[in-house]
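Below: the structure, in structure tokens.
We did not get these values from a lab; they are worked out from the coordinates using the rules stated. Note that the coordinates shown come from a computational prediction; the quantities given were computed from them, not determined experimentally. We place every Cβ from the backbone using ideal geometry, glycine too, and count neighbours over all the protein chains shown.
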Amino acid sequence: MSINHRQVLLRTIPAIVAAILFVLLTTRAAVGEDTAKLRGDSGRRPVLLWPLDVEPAQPGIKGPLELGGWTYEARRASSPRGGVPWELRVTPGQEMAGAWKAGSVGRLLPTIVAERNRTGEPTKDPDAMPVIEMPDGLWKTWMAADLQDVVGIHFHVFHTDDTARILFTLHKEPPDDADAATPRTSEDDPIEGTRIEATLLAPVSFGLDQTLMVRDDPLEKQLAASRGQHELSHAEVSQQVMIAVLRGPQDWDPARCTGRRSEIEYFWKREQIGRSWEGYRGGVSKVLALRTTVVLVPPTRWSMLVPLPPERITQKHLEQFNDAVVMVGQQFTAIDRAAQDRFHAEHGAYEASAGP
């Protein structure tokens, strides 16, 4: 469940008021993806800066810009973040508008609908989770030795091999302005440090593949349905963990100048695919799986506080934050395992359950 990645490239760019760094981060498997379809180079386009209440003296890019099937648009922020009054917003273009649904951090992804499946063929509902019911004899033949005694299995993996384009900026905290110029005189005063902002510049996708298999009982046929419901609850838990991991921790503490926060925006879709699993027929044969794809889009931004002045922030700090933001395979594995253990503690190991 880990994510393969190449070495991170960091380039420092001089700036007048802040240290600004741009990272072209790649997380690639044997065949890399590029959701933004920018071929690794976004090219050069004119960017005009002008006072907010004054019309630009020169013509710039007006209106939405279509790139790689996505619509890019600069808008005035309804509530400026970090002192930035404008923000880049990206939405699916016309050709992809029907495939993607807008997500919301305040709401969980819709509950997965399950369909009992004895043939391994696609379900009637293309967005449904197939619950493959396997005869007892085949289970003993096709499953790995360590799965011989279980009555249901939730195969799942969280993955990406996409390219993420992120702008890193460093900001002094508290900023050097009239209200923050007073020196720190007590332990109750805010600690001076650095706010690191990681701003997403183009769409980047993450996927969660899940397959549910349950074992028929030759004497009690109704057990297959209850076992399927139990495994479906495991799938719901993993779906919730996926969004939580992409969002990251929310432990912002300005007084101690530590912690992280984020504001993510995303689109999602589900589709049925065929894939192999270790533990099923030696990992050679493919079986039906449901893939949930989440695409993070601008203005997604992750923020981190570090109790060090900007001049002491090193490449190591940025690489660690970079990995924590998008190299999240190991994080998902650990958090998902803990969540599944809690589910078992509350509902039992192999009994039916109404939900997570």
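What ranking do 150-159, 200-209, 331-340 get when scored by the average of other Cβ atoms within 10 Å per residue, highest first?
Top to bottom by mean Cβ count within 10 Å: 200-209, 150-159, 331-340.
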- Message: Students often forget the sequence filter, so: which lysines lie under 18 Å Cα-Cα from residue 101 once same-chain residues fewer than 8 apart are removed?
- Response: 269
- Note on the structure: At R0 = 25 Å the Cβ-Cβ FRET efficiency linking residue 339 and residue 78, nearest 0.05, sits at 0.15
- Task: Would you mind ranking 173, 311, 231 by Cβ crowding within 10 Å, fewest neighbours first?
- Result: 311, 173, 231
- Once the in-chain neighbours fewer than 8 apart are removed, the lysines whose Cα is under 20 Å from residue 172 read 316
- FRET efficiency for residue 320 and residue 281 from the Cβ-Cβ distance with R0 = 41 Å, rounded to 0.05, comes out at 0.55
- Set of aspartates and glutamates near residue 286 by C-alpha distance (under 17 Å), chain-local residues within fewer than 8 positions excluded: 121, 133, 209, 271, 278
- Message: Run the simple label-point estimate for residue 263 and residue 142 please: 7 Å along Cα→C-beta, distance reported in nm.
- Response: 4.8
- Mind putting a number on the dipole of segment 186-247 about its Cα centre? Charges go on the C-beta only, +1 for Lys and Arg and -1 for Asp and Glu, and I need it in Debye to the nearest 20. 500
- Note on the structure: Taking r as the C-beta separation of residue 256 and residue 118 and R0 as 45 Å, the FRET efficiency to the nearest 0.05 is 0.20
